[in-house]
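Here's the structure we're looking at; comments come further down.
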Amino acid sequence: MNIVNGLFLIVVGLGVMGFGLMLFYALMPLFYAFFGAGVGFWLGTLLTGTPPEQMSLIKLLFALGGVIVFAGGAYFFETFRRILIGIGLGSLLGGLIASALGLTGFLGVVIMLIAAFIGAGITLAVFDTFIVVASALGGAGLAMDGGHLIFQSMDVLDRTTIAGGAYTPLIIWVVLGAIAMGWQFANLKRWTGNAR
């Protein structure tokens with residue numbers, strides 16, 4: 001089961017990491033569904049206090065709930081799409097950061113909520129830039145977690161060790177995110193040109 005879940009996280013992570021901005025403009029409800037799955041997964045992880053590599057029915061239900069809430073929100077509240085994506089990306093990053101620091105339960109959820117509000121505010125100011133940065137880092141984190149589910153003995157993919165002072169997972173996360181940002185910024189005009 002870990003291999004299937006790991007492959008799912010890797011595929012979603014790489015897709016969001018490399019094509020976050022394009023997915024937003026081309027496939028908005030699907031884009032929200034991907035981020036909803038990530039937000040739900042991390043909310044379930046933080047509430048249950050279990051490590052990312054340990055799957056449970058609760059995490060899967062939260063991920064499904066995130067898909068429904070965010071995709072539905074994108075469809076029914078299209079005029080608020082920028083705020084919705086800020087909430088989605090902010091909470092995804094907040095969950096990834098909280099888990100990397102080993103903060104679970106109430107404190108982890110509080111970090112997710114604060115990040116969601118910050119994300120909503122930032123998207124109104126610098127929308128495309130925020131989408132690129134947040135999707136690159138969020139997707140990189142999801143891909144790393146998927147890789148760690150499959151290769152659990154590879155501590156360099158375990159972002160939860162960052163809280164204990166392990167710098168290699170942090171460096172890998174930042175480098176993957178930076179590569180994805182460079183790729184997305186290089187394609188920014190092409191992906192957004194017809195969508196405005």
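The values are calculated or read from the model by the stated rules, or taken from the named source; none is laboratory data. All values derive from a computational prediction rather than experimental measurement. In this analysis, Cβ positions are derived from the backbone assuming ideal geometry, glycine residues included, and neighbour counts consider all displayed protein chains. Heavy atoms of the whole protein, side chains included, go into the accessibility calculation; ligands, DNA and RNA do not. Shrake-Rupley method; radii C 1.70, N 1.55, O 1.52, S 1.80 Å.
Looking at I150, I171, which one is surrounded by fewer than 19 Cβ atoms within 10 Å (Cβ to Cβ) and within 20 Å of G38 (Cα to Cα)?
Selected residue: I150, the only one of I150, I171 that is surrounded by fewer than 19 Cβ atoms within 10 Å (Cβ to Cβ) and within 20 Å of G38 (Cα to Cα).
If you go through segment 112-134 one residue at a time, do you hit one that is within 15 Å of L43 (Cβ to Cβ) and of a type in the set (V, I, T)?
Yes: one or more hits.
Quick test for you: out of V174, V126, pick the one residue that is farther than 22 Å from K59 by Cβ and over 17 Å from the mean Cα position of the chain (by Cα).
Going through V174, V126 in turn, the sole match is V126.
Taking only segment 51-64 into account, find how many residues are at pLDDT 75 or above and either among the aliphatic types (A, V, I, L, M) or open to solvent by 10 Å² or more (accessible area, probe 1.4 Å) (or both).
8
For segment 17-40, enumerate the residues that are modelled with pLDDT of 70 or more and of a type outside the set (A, V, I, L, M, F, W, C).
Result: G18, G20, Y25, Y32, G36, G38, G40.
Which of the following residues is more than 28 Å from L188 (Cα to Cα) and assigned to a helix (DSSP H, G or I): L149, L142, L124?
Being more than 28 Å from L188 (Cα to Cα) and assigned to a helix (DSSP H, G or I) holds for just one of L149, L142, L124, which is L149.
I'd like to verify a number: residues in segment 88-110 that are more than 17 Å from A180 (Cα to Cα), surrounded by 22 or more Cβ atoms within 10 Å (Cβ to Cβ) and without any contact (Cβ under 8 Å) to a residue 60 or more places away in the chain, how many?
Matching residues across segment 88-110 total 6.
Of (1) at pLDDT below 90; (2) buried (at least 17 other Cβ atoms within 10 Å of the Cβ), G164 satisfies all except one. Which?
Only one criterion is unmet by G164, namely (2).
Looking only at segment 111-132, which residues are open to solvent by 50 Å² or more (accessible area, probe 1.4 Å) and at pLDDT below 90?
Across segment 111-132, the qualifying residues are I122, L124, A125, V126, T129.
Can you pull out the residues in segment 180-196 that are part of a helix (DSSP H, G or I), open to solvent by 50 Å² or more (accessible area, probe 1.4 Å) and without any contact (Cβ under 8 Å) to a residue 12 or more places away in the chain?
The answer is A186, K189, R190.
Residue check: is E78 open to solvent by 20 Å² or more (accessible area, probe 1.4 Å), of a type in the set (D, E), more than 15 Å from F41 (Cα to Cα) and modelled with pLDDT under 85?
yes
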